[in-house]
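Notes for the one structure printed next.
Since every read-out is calculated from the coordinates, none of them should be taken as a lab result. Predicted model, so just to flag it, every value in this text is computed and none were measured. Here Cβ is always computed from backbone atoms with ideal geometry, including for glycine, and neighbour counts include all displayed protein chains.
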Amino acid sequence: MVVKKKKVNITLGGKNTRCKLKPYQTKYIKQTLELNDIELLDKTIIKLLKKKMQSITDYRQKSKTSYKLWDILVCVILASLANNETWYEIHDFIDIHYSWLKQFLKLTGGIPTRQTIERVISLVNKRELEETLTDFFKCITTLNTNEKDILNIDGRVDCGSSRHETLVNKEVSPLNSLNVYSNNYGICLASEMIDDKTNEIPNVPVILSRLNIKDTIITWDALNTQVENIKTVVSLGGDYVVPIKANQGNFYNNLVLYFDEKKLETIIAGNTKSSYYKEIEKSHSSVITYEYFQTSDVSWYFDIEKWEGISTLGLVKKTTENAKGKSVEIRYYISSLDIDINLFAKAIRNHWSVENKLHWHLDFTFREDDNTTRVCK
């Protein structure tokens, strides 16, 4: 829908008002006129959200407050769900839906100003809010599977937060975050701010300690495949399927020698200590063949005991064929899972969910790279 006129009839604070559109309101008003589905949200869910927000610690001076903290939080969350991104849009959302919001919120001070909303949110403990929201979304999510959840851990760089060196300012590195994505729930369970990419390694145990990972499968990229990180996963009751690359030196080189062509042929033939799975898919003008190999023969490696809980070794052979020819890529993995080639393959393929279903949306849907914030408190 395109708004061509400068004046439109909209509902503000429950009254029919004729007003001019401000530049920052145009996009919001178009969406509001076209979609008003937020008011169709089940009130039981909203009441649960309010109950969860009431547990958030309020650091304001009670004698100087006009609004309940949970009122502001619920309004901001609902406005965000209705695709509002700026403080101006959130304020206008509250203004337009004021009568509806009053059905389950007090809003004792009336409609909060943009400055009030921004200030109140800045005082909230972000870790506490994140954990409370995660718990809320898990409560309202109905899982259609009894399978183990696969949690993907990966870092992300906020490109817009960096600054180039100038005559008056030094160069500023971009903000980095370490995220945990749940495939069963389809949400980010936790985030941890880190100094740079290399600091992912010591922060993996930190972010895992904040979660209940019992009976889940943990995946990450090769950078984080470290002995201490593996020990943390096992000590917390989780399983892992993680890659081994050249950064592990001897272990990687031994895996390359072990999984030679003869060994792969033996596994395909049905060796009793191993399993094999193959799938073929078309991608644009290419045909991609994935071959998964898994074996429980781990005792041959001289230093295997330092890798806590390791039960199987494996690899993925990816063959891509197109008009330009054929290319082969091989990746090696270690796992605490017993022989289960389908679960092994699923864990490996699902690791990319953190990129495709989380980081992609942060980049393109929420345009997080446009955020120029330099400090995260």
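Taking a ≥ b ≥ c as the square roots of the eigenvalues of the Cα gyration tensor, the range 229-377 is oblate, since a/c reaches 1.5 or more and a/b is not larger than b/c. Normalising the average separation of contacting C-alpha pairs (under 8 angstrom, six or more residues apart) by the number of residues puts the relative contact order of the range 309-348 at 44 percent.
I want to check the label-to-label distance for K357 and S235. Put each point 7 Å from Cα in the C-beta direction and report it in nm to one decimal. So the two model labels end up 3.0 nm from each other.
Work through the residues other than N253 whose Cβ is under 13 Å from its Cβ and net out their charges, Lys, Arg +1 and Asp, Glu -1. Walk me through the numbers on the way to the answer.
Details: positive: K245; negative: D260, D303.
Result for the local shell: -1.
Using C-alpha pairs under 8 Å with a sequence gap of at least 6, the mean separation divided by the residue count of the range 181-268 gives a relative contact order of 21 percent.
Once the Cβ-Cβ distance between T166 and I45 is put in as r, and R0 is 56 Å, what FRET efficiency do you end up with, to the nearest 0.05?
0.70
For K273, the aspartates and glutamates whose Cα falls under 13 Å of its own Cα, not counting residues fewer than eight places away in the same chain, are D297, D338, D340. Let me make sure I get this right: for the range 169-263, a, b and c are the square roots of the gyration tensor eigenvalues over alpha carbons, sorted descending. Under 1.5 in a/c it's rounded, otherwise prolate if a/b > b/c, else oblate. Which is it? In terms of gyration-tensor shape, oblate. For the range 219-377, the relative contact order comes to 22 percent (Cα pairs under 8 Å, sequence separation of at least 6). Label separation (A269 vs A323): 4.1 nm, computed from points 7 Å beyond Cα along the C-beta direction. Subtracting the Cα-Cα distance of S299 and K102 from 0.36 nm times their residue separation leaves 64.3 nm of extension gain.
Among 307-313, 281-287, how do they line up by average Cβ neighbours within 10 Å per residue, starting with the highest?
For the peptides 307-313, 281-287, the packing ranking is 307-313, 281-287.
Quick one: net charge around S285, please, counting Lys, Arg +1 and Asp, Glu -1 for every other residue with C-beta under 15 Å from its C-beta. Value of the local net charge: +1. Restricting the trypsin sites (Lys or Arg not before Pro) of the range 70-134 to loop positions (DSSP other than H, G, I, E, B) with no more than 15 neighbouring Cβ atoms within 10 Å leaves K102, K106. So which aspartates and glutamates can K68 reach, going by Cα to Cα under 16 Å and dropping same-chain residues fewer than 8 places off? Reachable aspartates and glutamates: D58, E118. When the pairs K231/K326; K138/K306; K47/K126; K64/K138 are compared against a 31 Å limit on Cα-Cα distance, K231/K326; K138/K306; K64/K138 fall above it.
Sorted into 10 angstrom bins from 0, the C-alpha pair distances of the range 42-144 split as 14, 50, 32, 4, 0 percent. Need one word for the range 79-121: rounded, prolate or oblate. Basis is the Cα gyration tensor (sqrt eigenvalues a ≥ b ≥ c); a/c below 1.5 gives rounded, then a/b vs b/c decides. Because a/c hits 1.5 or more and a/b fails to exceed b/c, the range 79-121 counts as oblate.
A Förster radius of 41 Å, combined with the Cβ-Cβ distance separating Y290 from F366, puts the computed FRET efficiency at roughly 0.85.
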